[in-house]
Amino acid sequence: GAAEPLFVVELDHANNALIVGSADELAQREFLVERVNWTLDAPPEPASPPELTVKIRYKAAAVPCTLKLLGGERVRVHLSEPLRGVTPGQGAVFYASDHCLGGGIIAQALPLSTPSTLVFEDEESYP
């Protein structure tokens, strides 16, 4: 067994792998959002971006962030501080002050570090 509790930090469907890590590895500073819709039919202007925040849950505190437009309806979100609970399939809503700029669906959470604790690649690999 492990010296500390382990948590699922990633599901690798392509390789049928379950990746686990420590509680610290649950936090993300970046994630990808797809199917983004903007309330003004366009993202914020990159030349003078407003101070942005993102909320990943209705009652969650807004977290300062920056956005990198990836083309189409995709953005990469960089948080000013690590955040736990960024989960694919959840909504991410972007704000400038109290004004809702738009939002989309979290496609992938990008961990702070590469988990190295355990990888179960198939049923035969489970202890």
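The values are calculated or read from the model by the stated rules, or taken from the named source; none is laboratory data. From a predicted model like this one, the values you see are computed outputs, not experimental measurements. Every residue, glycine as well, gets a Cβ built from its backbone with ideal geometry; the counts of neighbours run over all protein chains shown. SASA here: full protein model, heavy atoms, side chains in, ligands and nucleic acids out. Shrake-Rupley method; radii C 1.70, N 1.55, O 1.52, S 1.80 Å.
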Counting only residues that are modelled with pLDDT under 90 and within 23 Å of residue 25 (Cα to Cα), segment 46-58 contains a total of 1
Under 13 Å from the mean Cα position of the chain (by Cα) and either modelled with pLDDT under 85 or of a type in the set (Asp, Glu) (or both): does that describe residue 91? no
Residues of segment 11-33 being open to solvent by 50 Å² or more (accessible area, probe 1.4 Å), in contact with a strand residue (DSSP E or B) (Cβ under 9 Å, 6 or more places away or on another chain) and farther than 19 Å from residue 63 by Cβ, in sequence order, are 11, 15, 16
Restricting segment 55-90 to residues that are in a strand (DSSP E or B) and hydroxyl-bearing (Ser, Thr, Tyr), the one surrounded by the fewest Cβ atoms within 10 Å (Cβ to Cβ) turns out to be 80
(1) farther than 30 Å from residue 99 by Cβ; (2) surrounded by 16 or more Cβ atoms within 10 Å (Cβ to Cβ) all hold for residue 8 apart from (2)
Check: Just a yes or no: is a residue in segment 35-45 within 13 Å of residue 10 (Cα to Cα) and modelled with pLDDT of 85 or more?
Finding: no
